[in-house]
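What follows is one structure encoded as structure tokens, with my remarks underneath.
The values are calculated or read from the model by the stated rules, or taken from the named source; none is laboratory data. Only a predicted model underlies this, so the values are computations on that prediction, with no experimental measurement involved. Cβ atoms come from the backbone with ideal geometry, glycine included; neighbour counts cover every protein chain shown. These accessible areas exclude ligands, DNA and RNA; they are computed on the full protein's heavy atoms, side chains included. Shrake-Rupley method; radii C 1.70, N 1.55, O 1.52, S 1.80 Å.
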Amino acid sequence: MRKWSALVALLLLVIGLAPVAHAQQQPNWVGAWATSQIVPVDNNAAPVEDLTDATLRQVVRVTLAGKQLRVRLSNAFGNAPLAIGAASVARSAGNATSRIDPATLKPLTFGGHTQALIPAGADYWSDPVALPVGAGTDLAITLFLPKAPDRQTGHPGSRATSYFVHGNQVTTVELPGAKTAPRWFVIGGVEVDAPGASALVVLGDSITDGYGVQPDTNLRWPDALFRRMQADPATRNMAVLNAGIGGNRLLLDGTGPNALARFERDVLSVPGVSHMIVLVGVNDLGVLTRDAPATPEQHHALAEAMIDGLRQIVARARAHGIKAIGGTITPYGGSNYYHPDAANEADRAAVNNWIRTPGNFDAVIDFDAVMRDPANPRRLRADLDSGDGLHPAMAGYQVLADAVPLSLLSPRSKDKGRGTPPPPPAIAITFDDLPSHAALPPGETRVGVVERILAALKAAHAPATGFINGVKLESEPESAAVLDRWRAAGLPLGNHGWRHANLNDLTDAQFAEELARNEPILRDKMGTADWHWFRYPFLSEGKDTERRARVRRLLAAKGYKVASVTMDFGDWAYNDTYARCMAKGDTAAVAEMEKAWLAGAAANADRSRAMSQALHGRDIPYVLLMHLGAFDARMLPQLLDLYRRKGFRLVSLEEAERDPYYRAEVNPALPPAPLGLEGALAARGMPVPASPERLPLDTMCR
């Protein structure tokens, strides 16, 4: 019996271990070297004869150790299939020579064949090659092309020497007399089998590609970052992949496809990528005015479009479990090529402010801060400037590499598996029509209403901002105590206009009078004030665009910020009906109102989020419109609990409108954005989701 038990145990052990052993044999492919592909043109293209019946040897430096490797060849921009007649890989005898280490020479095969035909627009991986490499190994990839590509695919900014000879010489140890060029062609990546490893991709333009770096020196800033990471055990098992293209832009094609267009190929398709640094946008900013001035509207539109593009990149990275790290755009005020002015600098500041705002990226590296001249922040520091006012010198590239906190590159958690999650959405609560709104139910007072609202806000640790209509004090002088209670709670007050008059019904002079007449009430008994916030009556800025601009300039001149609304569920409509129903003792109607009020709040929160995601691929901090009414006071504790259960953070108006979405409101001297999320959707020709239906409040309790 014991023998049978031992035999069964042995069989179970073998059976149990077999899948584990099989799993351990599966390779873990991780990108160890990569470069971004474009169509080489003019001097960047190789002469057709150099790529016909030609052997091309190219040297690359892998940034991750591995047990075996495979090579990715690219015909991404070819118009016809590309024939590979033969290929090999070996360790280079030096990154500035065509000589290889013959003991390491390995043929490359493709599905077991020594030749391959790469379709137009496609990439091809070689079969795995048993060639162990260390991080920092220089590899020589040698290709024989029987015929030149119909249209070339390559990377002109290789900063590495490539060698061209005629005939099939993929196994030749050295290529004496070879023609040379600092370009890469056809090759796109090298992967290694590295259990437990990951990769960082740096997506950028010429600053990342290494403008000014001499061939075969490996002094680009991602190269310097790689050396730092290799010196730290915590980051030693992470590759650094340079996805920079000189002249590249975030939004429009220029030198190569725009960053959004190439994001799939250069970032998402590379195996093992866990982190990404984005440093791109200076060419978008500079090209806008390189040849002719731009209007304020064009400047504003570019900054907004760049922010939208970055949102897309972050959202796509997060969807693939990649930690998205934003790099602020470095100064270029001294560039004679782009000759930027104050408006260009304002655009750069707007984009950088969005990058710096917590939650927009998973982390931020402030390259702008370390590269700018403290005496003139629009320019690069003189000792870090290559001399053209745009690109860093070699010392500047080292500063960029040193600015990366290695703690940001910690390996992602296997438990999370989806990268750093986006921050929870935020709501800033605002109350209009202070000191009073709507009728009161029997037995209630204005002071009682505000005290209940303040108690609910305090219990939820929720900030709030109130907006005053001074005319209400004329009809209810006793409601002045409401403002005292509000101020005593430490909450700010803003200007809602004296009479709550629609802007369309006022002349410019009347609007200025309404604004000024309200201001003395906004000062407390000590003469201090916190009324830099303004809210348009009825949330309307008027239909006359020229007059609208004049009014905004008036607000800007007086130091006001506009408190725009991005979440509203019509709470105001319930307060008068509530007073009627309570007077009649209709508790059933009140219960129906409570249910509908909360359902409307929930539906409109979801609607606002859907609109924001459709526009920007993220949550903006929402500004909620409410009123100081009796039904609001009754329902506020339940509303705050609803938002808590939906995952919202409750923030101040000041914090919410730091978000770049509100840039034109915080500074009304700027051209206005479309009104609200609905207006922004309509301006882009996108469908606006319908508002939830409301109760027929006008007919209730009559």
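Miscellaneous remarks
- Heavy atoms of the protein chains alone define the surface here; on that basis the stretch 354-394 has 44 Å² accessible area per residue at 1.4 Å probe size.
- For residue 120, net neighbour charge (Lys/Arg +1, Asp/Glu -1) across residues whose Cβ lies under 12 Å away: -1
- Of the residues 471, 518, 494, the one whose Cα sits farthest towards the positive end of the charge dipole of the stretch 425-550 is 494 (charges of +1 on Lys and Arg Cβ, -1 on Asp and Glu Cβ, taken about the Cα centre).
- Taking the longest Cα principal axis of the chain as reference, the axis of helix 572-584 is set at about 40 degrees.
- Burial order of peptide ranges 688-695, 361-368 (average beta-carbon count within 10 Å, highest first): 361-368, 688-695
- Mean Cβ neighbour count within 10 Å, used as a protection proxy, ranking 179-192, 506-519 highest first: 179-192, 506-519
- Based on protein heavy atoms only, the stretch 195-285 ends up with 28 Å² per residue of surface accessible to a 1.4 Å probe.
- Calculated from backbone phi, Karplus (6.51, -1.76, 1.60) coupling profile of the stretch 163-178 in Hz, x at Gly/Pro: 10, 10, 9, 9, x, 7, 10, 5, 9, 6, 5, 9, 10, x, x, 5
- Relative to the longest principal axis of the Cα atoms of the chain, helix 587-616 runs at roughly 30 degrees.
- Per residue, the average separation of C-alpha pairs within less than 8 Å and at least 6 apart gives the stretch 360-503 a relative contact order of 19 percent.
- Rounded to the nearest 20, the size of the Cβ-charge dipole of the stretch 113-267 about its Cα centre is 320 debye, with Lys and Arg at +1 and Asp and Glu at -1.
- Among 629, 673, 589 the positive-end extreme of the charge dipole of the stretch 587-693 (Cβ point charges): 673
- Long pairs among 472/561; 67/147; 558/646; 179/323, criterion Cα-Cα beyond 31 Å: 67/147; 558/646; 179/323
- Gyration tensor (alpha-carbon) shape descriptor, the stretch 55-190, a/c threshold 1.5: rounded
- Taking the Cα atoms of the stretch 124-276, the ratio Rg/Rh between the radius of gyration and the Kirkwood radius comes to 0.95.
- Rounded to the nearest 20 debye, the dipole size of the chain about its Cα centre is 1960 debye, using +1 on the Cβ of Lys and Arg and -1 on the Cβ of Asp and Glu.
- With Cα atoms, 0 to 90° folded angle of helix 508-518 axis to the chain main axis: 70
- Relative contact order, percent, the stretch 92-202 [alpha-carbon distance under 8 Å, six or more residues apart]: 27
- Taking the DSSP beta bridges with both ends in the chain, the antiparallel portion is around 55 percent.
- 3J(HN,Hα) from dihedral phi, the stretch 239-254, Karplus parametrisation 6.51/-1.76/1.60, rounded to Hz, x for glycine, proline: 6, 10, 10, 8, 10, x, 9, x, x, 6, 10, 6, 10, 10, 5, x
- Shape class of the stretch 277-317 from the alpha-carbon gyration tensor: oblate, with a/c at 1.5 or above and b/c at least as large as a/b.
- Ellipticity estimate at 222 nm from DSSP helix runs (n ≥ 4, -39,500 (n - 2.57)) divided over the chain, nearest 500: -10000 deg cm²/dmol
- Amide H contacts of residue 439 (H built 1.01 Å from N, under 5 Å, at least 5 apart or other chain): 576
- Sequence-separation-based contact order of the chain, relative, with Cα cut under 8 Å and 6+ spacing, percent: 11
- Proximity of backbone amide H atoms, modeled 1.01 Å from N, is registered between residue 393 and 385, 386 at under 5 Å, excluding neighbours fewer than 5 places apart on the same chain.
- Protein accessible area in the chain, 1.4 Å probe - carbon and sulfur %: 56
- Peptides 614-623, 678-687 ordered by packing proxy, namely the average of other Cβ atoms within 10 Å per residue, highest first: 614-623, 678-687.
- Estimated at the nearest 10 Å², the accessible area of residue 289 is 10 Å² with a 1.4 Å probe.
- Largest first, the residues 29, 572 sort by 1.4 Å accessible area into 572, 29.
- Each Lys and Arg adds +1 at its Cβ and each Asp and Glu adds -1 at its Cβ; summed about the Cα centre, the stretch 254-413 shows a dipole of about 540 debye.
- Selection among 115, 55, 92 by position relative to the dipole of the stretch 43-117 gives 92 as farthest towards the positive end (Cβ unit charges, Cα centre).
- The stretch 563-617 and the stretch 93-131 have Cα centres lying 65 Å from one another.
- Accessible surface, per residue, of the stretch 638-702 when the full set of protein chains is kept, probe 1.4 Å, Å²: 54
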